[in-house]
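If you scroll down you'll find the structure; I have some questions about it.
The values are calculated or read from the model by the stated rules, or taken from the named source; none is laboratory data. All figures in this text were calculated on a predicted structure; none of them were measured in a lab. A quick note on method: Cβ atoms are made from the backbone with ideal geometry, for glycine too, and the neighbour counts reach across all protein chains shown.
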Amino acid sequence: MEKEIWVLIEHREKEIEEASLEVLVEARRLAKKARLRVAALVLGSSAQPFAEALNRYGADRICAVPHELLKQYTTDGYTTALADLVKIRCPEIFLLAATALGRDLAPRLATRLQIGLISDCRVLDINKEGALEMTRPSTGGRVYTRFEGSGAKPCMATIRPGVLGLGKPLKGNKAEVEEISMDLKSEDVRTRVLGISSVDRRDLDISEAEFVLAFGRGLGEKSNLIKMEALADEMNACIAGSRVAVDEGYVSFERQIGQTGKTISPKVIFCCGISGAQQFTMGMRESGFIVAINNNRKADIFKVADISVLGDLNEVVPELVEVLKSSK
Ligand SMILES: Cc1cc2nc3c(=O)[nH]c(=O)nc-3n(C[C@H](O)[C@H](O)[C@H](O)COP(=O)(O)OP(=O)(O)OC[C@H]3O[C@@H](n4cnc5c(N)ncnc54)[C@H](O)[C@@H]3O)c2cc1C
């Protein structure tokens, strides 16, 4: 059997999570360097609904386990199924997206297999010795640490979503498909999913949100919140704030970004009336695209922003809302 990099493919309602495709694209790049093949693992479904996307993003092989007990994600079910597969097939590298599922599953699987795990990586590479190198932030994002995967196989890592991107899809790639039947028993899975309900964007954990609208002391007064909510509605964004925004009672503590709050990396973040103190930016500088609105041209937030808007947020935000409304 040829040596492989495995990528776990997360899917929901016949849609693949984009974060898994990002990992697949990265696995393809690494596989070229290390002369490995890329296998995409689909649990709880046949390969068919996902084959086209997995071909486009670089799978050499799709390995599907369409077992009834894997239809809904459970830590037990996925851990048992994947641990059994790993023991039989012995992949060289196993990559997952650092999504809520990946963060739950990867440590459990690594422990079951008695192997190491480097979580939340930003950069991966293959070094001259052919080993996987994994780089991730440490000490609250102040330094980056590089690890070499030279221990027990597979070398396992999770990758922060939204960092690597998808790039151009491939044309004409056709993965082999293998469907595996597995002897998974209901007593192997201690939890049952009784139902799934969607969470209102307003109640979403800010570290899970793709779009975040953050504000700080520059909001001025609580009555201005209405303007922010109008923009959040148009952006389909989750609301968050600096520590001052929490101290002023504009947002609750679980929505605080930064050293003593949460570290987030949404696809897009708007920072309105936030100065950009280091304790704030260490919680958001890994975001995919940063827009800052501030009335002080020397504000530090502009140093990390992709787009800097110099102006009063009380004027800029309502104008943005109008532009977004009319562009729909
Ligand atoms: C140990 C420690 C831990 C900390 N942890 C955190 C943390 O987790 N998160 C955090 O955020 N902070 C944290 N802080 C506090 C941090 O140092 C800053 O004080 C805080 O981030 C500042 O919040 P701010 O940007 O909202 O306010 P300010 O620094 O006061 O900035 C307000 C900004 O709004 C702009 N502004 C004002 N009016 C307008 C307007 N009308 N339109 C547009 N712009 C306007 C101003 O130009 C200014 O840049 C911590 C501090 C310490 C010492």
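Please find, within the stretch 10-31, the residue that is modelled with the highest pLDDT out of those that are part of a loop (DSSP other than H, G, I, E, B) and under 17 Å from GLY162 (Cβ atoms). First the steps, then the outcome.
As a first pass, look at the stretch 10-31 and keep what is part of a loop (DSSP other than H, G, I, E, B): 10, 13-14, 17.
Imposing the further condition that a residue be under 17 Å from GLY162 (Cβ atoms) reduces the set to 10, 17.
Numbers: GLU10: 97, GLU17: 91.
Going through the qualifying residues, I end up with GLU10.
Here's a follow-up. Can you name every one of the strands (runs of 3 or more DSSP E) wholly within the stretch 71-146 that holds 3 or more residues which are within 23 Å of PRO266 (Cα to Cα) and touching a residue at least 24 places away in the same chain (Cβ under 8 Å)? Working first, answer last.
On the way: elements: 93-97, 117-121, 123-126, 132-138.
Where strands (runs of 3 or more DSSP E) fall fully within the stretch 71-146 and carry at least 3 residues being within 23 Å of PRO266 (Cα to Cα) and touching a residue at least 24 places away in the same chain (Cβ under 8 Å), they are 93-97, 117-121.
Every residue, every condition in (1) more than 6 Å from the ligand (Cβ to nearest atom); (2) farther than 21 Å from LYS227 by Cβ, yes or no:
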{"residue": "ILE269", "(1), (2)": "yes, no"}
{"residue": "MET282", "(1), (2)": "yes, yes"}
{"residue": "GLU286", "(1), (2)": "yes, yes"}
{"residue": "PHE289", "(1), (2)": "yes, yes"}
{"residue": "ARG297", "(1), (2)": "yes, yes"}
{"residue": "ASP300", "(1), (2)": "yes, yes"}
{"residue": "SER308", "(1), (2)": "yes, no"}
{"residue": "LEU313", "(1), (2)": "no, no"}
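Same structure again: Based on what the data block shows, is GLY258 buried (at least 21 other Cβ atoms within 10 Å of the Cβ) and touching an Asp or Glu at 6+ places or on another chain (Cβ under 9 Å)?
So GLY258 does not fit the description; no.
If I go through the stretch 315-328 residue by residue, how many of them are more than 18 Å from ILE239 (Cα to Cα) and either within 12 Å of the ligand (Cβ to nearest atom) or crowded, with 16+ Cβ neighbours inside 10 Å (or both)?
Narrowing the stretch 315-328 to residues more than 18 Å from ILE239 (Cα to Cα): 315, 319, 322-323, 325-328.
Then drop every residue that is not either within 12 Å of the ligand (Cβ to nearest atom) or crowded, with 16+ Cβ neighbours inside 10 Å (or both), which leaves 315.
The number of residues fulfilling the criteria is 1.
Residue by residue, here is whether (1) within 15 Å of the ligand (Cβ to nearest atom); (2) without any contact (Cβ under 8 Å) to a residue 40 or more places away in the chain; (3) within 23 Å of VAL317 (Cα to Cα); (4) of a type in the set (Gly, Ala, Ser) holds:
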{"site": "GLY195", "(1), (2), (3), (4)": "no, yes, no, yes"}
{"site": "ARG201", "(1), (2), (3), (4)": "no, yes, yes, no"}
{"site": "GLU210", "(1), (2), (3), (4)": "no, no, yes, no"}
{"site": "ARG217", "(1), (2), (3), (4)": "yes, no, yes, no"}
{"site": "LEU225", "(1), (2), (3), (4)": "yes, yes, yes, no"}
{"site": "ALA237", "(1), (2), (3), (4)": "no, yes, yes, yes"}
{"site": "GLY241", "(1), (2), (3), (4)": "yes, yes, yes, yes"}
{"site": "ASP247", "(1), (2), (3), (4)": "yes, yes, yes, no"}
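Specify which of the listed residues (ALA39, ALA64, ALA53) is part of a helix (DSSP H, G or I) and either assigned by TED's automatic domain parsing to the domain that holds LEU184 or in contact (Cβ under 8 Å) with a residue 12 or more places away in the chain (or both). Before the answer, list the steps.
On the way: ALA39 fails: part of a helix (DSSP H, G or I); ALA64 fails: part of a helix (DSSP H, G or I).
Answer to the check: ALA53.
Of all the residues that make up the stretch 185-234, how many are in a helix (DSSP H, G or I) and of a type in the set (Asp, Glu)?
Step one: list which residues in the stretch 185-234 are in a helix (DSSP H, G or I), which gives 186-188, 201-203, 206-208, 217-219, 222-234.
Checking the rest, the ones that are also of a type in the set (Asp, Glu) come to 187-188, 203, 208, 229, 233-234.
The qualifying residues number 7.
Return the residues of the stretch 109-149 that are closer than 21 Å to LYS87 by Cβ, surrounded by fewer than 17 Cβ atoms within 10 Å (Cβ to Cβ) and of a type outside the set (Gly, Ala, Ser); say none if nothing qualifies.
Those that are closer than 21 Å to LYS87 by Cβ, surrounded by fewer than 17 Cβ atoms within 10 Å (Cβ to Cβ) and of a type outside the set (Gly, Ala, Ser): THR111, ARG112, GLN114.
Let me ask another. Being in a loop (DSSP other than H, G, I, E, B), more than 26 Å from ILE159 (Cα to Cα) and either within 12 Å of the ligand (Cβ to nearest atom) or within 25 Å of the chain's Cα centre (by Cα) (or both): is that true of VAL251 here? Explain how you work it out, then say what you get.
Details: in a loop (DSSP other than H, G, I, E, B): yes; more than 26 Å from ILE159 (Cα to Cα): yes; either within 12 Å of the ligand (Cβ to nearest atom) or within 25 Å of the chain's Cα centre (by Cα) (or both): yes.
Yes.
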